[in-house]
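Asker: Mind having a look at this structure? Questions to follow.
The values are calculated or read from the model by the stated rules, or taken from the named source; none is laboratory data. Please read these numbers as outputs of a predicted model, since none were measured by experiment. Positions of Cβ are backbone-derived with ideal geometry, glycine not excepted, and every protein chain shown enters the neighbour counts. For accessibility, only protein heavy atoms count, side chains too; no ligands or nucleic acids. Shrake-Rupley method; radii C 1.70, N 1.55, O 1.52, S 1.80 Å.
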There are 2 protein chains.
Amino acid sequence: MATRPKAPKLTDEQRFDWLRLIRSENVGPRTFRALLKNCGGARAALEALPELARRGGAVRPIRVASADEIERELAVARKLGVRFVALCEPAYPQVLRQIDSAPPVLALAGREEALQQPAVAIVGSRNASAAGLTFADRLARGLGQAGYVVVSGLARGIDQRVHAASLATGAVGVLAGGHAKPYPSEAVPLIARMIEFGAVVSEMPIEWEPRGRDFPRRNRIVSGLALGTVVVEAARGSGSLITARFALDQNRQVLAVPGSPLDPRAEGTNDLLKQGAMICTSADDVLTALEPARSGDFFASLNEGGGDEEALWGEQSLFDVDPGATPRSCIGDELAAARRGADQSADDAGGARDRIMALLGPSPVSLDELARAAEATTREVRVTLIELELAGRVEFSGGNRISLRPARGDAE
Amino acid sequence: MATRPKAPKLTDEQRFDWLRLIRSENVGPRTFRALLKNCGGARAALEALPELARRGGAVRPIRVASADEIERELAVARKLGVRFVALCEPAYPQVLRQIDSAPPVLALAGREEALQQPAVAIVGSRNASAAGLTFADRLARGLGQAGYVVVSGLARGIDQRVHAASLATGAVGVLAGGHAKPYPSEAVPLIARMIEFGAVVSEMPIEWEPRGRDFPRRNRIVSGLALGTVVVEAARGSGSLITARFALDQNRQVLAVPGSPLDPRAEGTNDLLKQGAMICTSADDVLTALEPARSGDFFASLNEGGGDEEALWGEQSLFDVDPGATPRSCIGDELAAARRGADQSADDAGGARDRIMALLGPSPVSLDELARAAEATTREVRVTLIELELAGRVEFSGGNRISLRPARGDAE
């Protein structure tokens, strides 16, 4: 794979700021990255948050995570043996780092090394058939023996079977909630064994109780950690298909295990095959499909496909940013100009924001389209989007597309 | 579809000659067509057979079917209600006519109209699973209701289930032997019902007892009658996969029904999916896959892809030949020249035959390659191949490729 500049390791203080920033209101993984780019560091971003949100149209002050809150999370983590690994650090899983919405901080129990091996995700139904479970077991063992870590979602059925089958070779699980609230509870003994040779990770606050919408969100990390995702059994509309969709959006391989058309648990996997997923009837199929990615072409192709994000966030990648750099003004040129008085530059910048706002609607548009249509500079678009996202007025969807959030009845 | 010149109907005498020619030794469907092209009619070809075979190097006289033999076949056919339909006649199934090795004469019991409707082949294991049988039944009914005749091979298991499920909408069966020796015998009552609304066809002499090698050969007619072939269940190496291979060679759609990787009866179909077959989990999948063919693009594409055969047999298609034309010399220019004395033309032609023979080996080569390498005219290649085939010294394989037959220990 391509050589990268050696990634930095954060100081304790920087890690503290990173955690505060990602635990603050309306700061998702994308906004986090944009803030870091724009402000030069997490501390500067934290300081700028209230003003940025206000300019984006927030009707009340944004909630910034308190130092106490983070102290408590760190204390619980120490007790549980959980460490926090930041996106820019060497221990962060390199393949996960490539996805658009990579968690800025990953809470990790277990062995860092497990996250550095090539990985494959195997997912499937909670109410799996005996044949599905047997096949999942065989597949996980075969791939483990071939040197792959196996990632899954700790759920009943296929997920847990897959974890159990790869304990000795490397099992990685992704929690939908925090480490202090493992879910499902029946998986607790399994988790304890997984962290001996493998790892269990979470992006959520350590005491977060997972709710329904956290599971699909979690699935992007399952697929994101892996070079490819295999769906063993899945009914139509099941969560495993969401994982497959994420894998596709992340330019990862998707494989599906075929099943009888009369078996409802095969409907989802057969649909995937119709949509172009590769067919998987043995570990060899997976090894063949992932070989190009494993041997490095994968990373090359990802680097080529930078597209929208590169254009907006600049050529300098996040990993080249010095996280300890002196904070600089990150409210945007227009703020600086406004402080100097209402000169030409401020008018221009305010005008660009108005044009961008007017162009956004409920249908997602790409950042490129937006910048072109608004006749704005990438920096203007970047700052405006940060402001709007912090104010909770826009949202990102797959492939770096932005839409306006539906207006709420009350101003909350 | 493209309009063709109205195909002729044979006289009784011509039909008799066609039958004699195709029942003669070493005359397969391809050689039959080549002979008709070259000699201008079946009667002329019958007269030329002995000399052509001798020139091809036959060590004993070729066996030409006797008039008595054909009289007997016609008598048995009359008793059984079987008619003979020739390749050039309007009643011949139009889609079957397109394949390279279309039987020159088809023995037909049942309704001609069933062979004029769009057809789909459904094939599968003899020892099918209950799920496989249920699915095959559902598929055949769905396709029958959508206006498709369903073709299969009368075998136990999937084939017979498919025939039974399409009795009311149009069931077409292809025998591996003659109509007087229906196989398997358990299918006799089914066959009787099929010919009420559908048809049962055979290319073999009416009293032919089918042997092992007749079944794969028969399968090309099953796929050839249909716009596409669906394989429901198939173990590795099963006959259904041969039908799928024929369908592919015939530029027809191949669909396969997925199954669990743990089910040996799904290994063949899953393999087909890996090789690019379309996945079939419902009749709708088949309807979608065959829609372009049914609406006529299929025929257009076939006509474009004439390739080798067009080049060799001339632009005039078989259907434009007047089967009642005055027989003309068809031993080739070299024979005519030889009769005039050993002049330049005879030397050239004999030289071309030697060069063609020297170029042939056990590995199949295309006719085009052969003509180019031999620096021979297409007519020289055509005549030489007819001679060699009649002498039993070459054989055709898929895609119009020719190879030398392995020499026999004895000269027989």
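Asker: For segment B:21-32, enumerate the residues that are outside any loop (DSSP other than H, G, I, E, B) and closer than 17 Å to B:F84 by Cα. Lay out the reasoning, then the answer.
Answerer: Let us first name the residues in segment B:21-32 that are outside any loop (DSSP other than H, G, I, E, B), namely B:21-22, B:29-32.
Scanning segment B:21-32 gives B:L21, B:I22, B:P29, B:F32.
Asker: I'd like to know if segment A:154-175 contains one or more residues that are in contact (Cβ under 8 Å) with a residue 12 or more places away in the chain, of a type in the set (K, R) and more than 24 Å from A:P216 (Cβ to Cβ).
Answerer: From segment A:154-175, those in contact (Cβ under 8 Å) with a residue 12 or more places away in the chain are A:154-175; that's our starting set.
If we keep only those that are of a type in the set (K, R) as well, we get A:156, A:161.
Those still in the list that are more than 24 Å from A:P216 (Cβ to Cβ) too: none.
So far as segment A:154-175 goes, no, none of its residues is in contact (Cβ under 8 Å) with a residue 12 or more places away in the chain, of a type in the set (K, R) and more than 24 Å from A:P216 (Cβ to Cβ).
Asker: Within segment B:250-279, count every residue that is free of Cβ contacts under 8 Å to residues at least 24 places away in the same chain, over 11 Å from B:V231 (Cα atoms) and within 8 Å of chain A (Cβ to nearest Cβ).
Answerer: Here is the first cut: in segment B:250-279, the residues free of Cβ contacts under 8 Å to residues at least 24 places away in the same chain are B:258, B:260-262, B:270, B:273-276.
Of the ones still in play, those that are also over 11 Å from B:V231 (Cα atoms) are B:260-262, B:274-276.
After this cut, where a residue has to be within 8 Å of chain A (Cβ to nearest Cβ) as well, the list is B:260-262, B:274.
Going through segment B:250-279 one residue at a time, the tally reaches 4.
Asker: Another one. Mind checking which residues of segment A:115-130 are small (G, A, S), in contact with a Ser or Thr (Cβ under 9 Å, 6 or more places away or on another chain) and under 14 Å from A:S166 (Cα atoms)? Please lay out each step first, then the result.
Answerer: Step one: of segment A:115-130, the residues small (G, A, S) are A:119, A:121, A:124-125, A:128-130.
In the following step, the residues that additionally are in contact with a Ser or Thr (Cβ under 9 Å, 6 or more places away or on another chain) were identified as A:121, A:124-125, A:129.
A:A121, the sole residue that qualifies.
Asker: Can you tell me which residues in segment B:285-298 are touching a residue at least 60 places away in the same chain (Cβ under 8 Å) and either within 14 Å of chain A (Cβ to nearest Cβ) or open to solvent by less than 70 Å² (accessible area, probe 1.4 Å) (or both)?
Answerer: At the first step, the residues of segment B:285-298 found to be touching a residue at least 60 places away in the same chain (Cβ under 8 Å) are B:286-287, B:289-290, B:293-294, B:296, B:298.
Hits for segment B:285-298 are B:V286, B:L287, B:A289, B:L290, B:A293, B:G296, B:F298.
Asker: Please go through segment B:187-226 and pick out each residue that is assigned to a loop (DSSP other than H, G, I, E, B), open to solvent by 10 Å² or more (accessible area, probe 1.4 Å) and out of contact with any Pro (no Cβ under 6 Å at 6 or more places or on another chain). Break it down into steps so the answer makes sense when it comes.
Answerer: Kept after step one, since they are assigned to a loop (DSSP other than H, G, I, E, B), are these residues of segment B:187-226: B:198, B:203-213, B:225-226.
After this cut, where a residue has to be open to solvent by 10 Å² or more (accessible area, probe 1.4 Å) as well, the list is B:203-205, B:207-213, B:225.
If the condition is that a residue be assigned to a loop (DSSP other than H, G, I, E, B), open to solvent by 10 Å² or more (accessible area, probe 1.4 Å) and out of contact with any Pro (no Cβ under 6 Å at 6 or more places or on another chain), then B:M204, B:P205, B:E207, B:W208, B:E209, B:P210, B:R211, B:G212, B:R213 are the ones that fit.
Asker: Is it the case that some residue within segment B:166-181 is more than 14 Å from chain A (Cβ to nearest Cβ), open to solvent by less than 10 Å² (accessible area, probe 1.4 Å), within 30 Å of B:E267 (Cα to Cα) and over 22 Å from the mean Cα position of the chain (by Cα)?
Answerer: Yes, some residue in segment B:166-181 is more than 14 Å from chain A (Cβ to nearest Cβ), open to solvent by less than 10 Å² (accessible area, probe 1.4 Å), within 30 Å of B:E267 (Cα to Cα) and over 22 Å from the mean Cα position of the chain (by Cα).
Asker: Test of understanding: among B:L335, B:L385, which residue is at pLDDT 75 or above and assigned to a helix (DSSP H, G or I)?
Answerer: Sole residue among the options that is at pLDDT 75 or above and assigned to a helix (DSSP H, G or I): B:L385.
Asker: State the number of residues belonging to segment B:227-245 that are in a helix (DSSP H, G or I) and either surrounded by fewer than 24 Cβ atoms within 10 Å (Cβ to Cβ) or within 13 Å of chain A (Cβ to nearest Cβ) (or both). So that I can check it myself, show each step before the final result.
Answerer: If we filter segment B:227-245 for residues that are in a helix (DSSP H, G or I), which is where we start, we get B:239-245.
Of the ones still in play, those that are also either surrounded by fewer than 24 Cβ atoms within 10 Å (Cβ to Cβ) or within 13 Å of chain A (Cβ to nearest Cβ) (or both) are B:239, B:241-242, B:245.
So the answer is 4.
Asker: Working only within segment B:45-61, note down all residues that are more than 23 Å from the chain's Cα centre (by Cα) and open to solvent by less than 70 Å² (accessible area, probe 1.4 Å). Reasoning before the result, please.
Answerer: Pass one, segment B:45-61, residues more than 23 Å from the chain's Cα centre (by Cα): B:47-48, B:50-52, B:54-61.
Across segment B:45-61, the qualifying residues are B:A48, B:P50, B:E51, B:L52, B:R55, B:G56, B:G57, B:A58.
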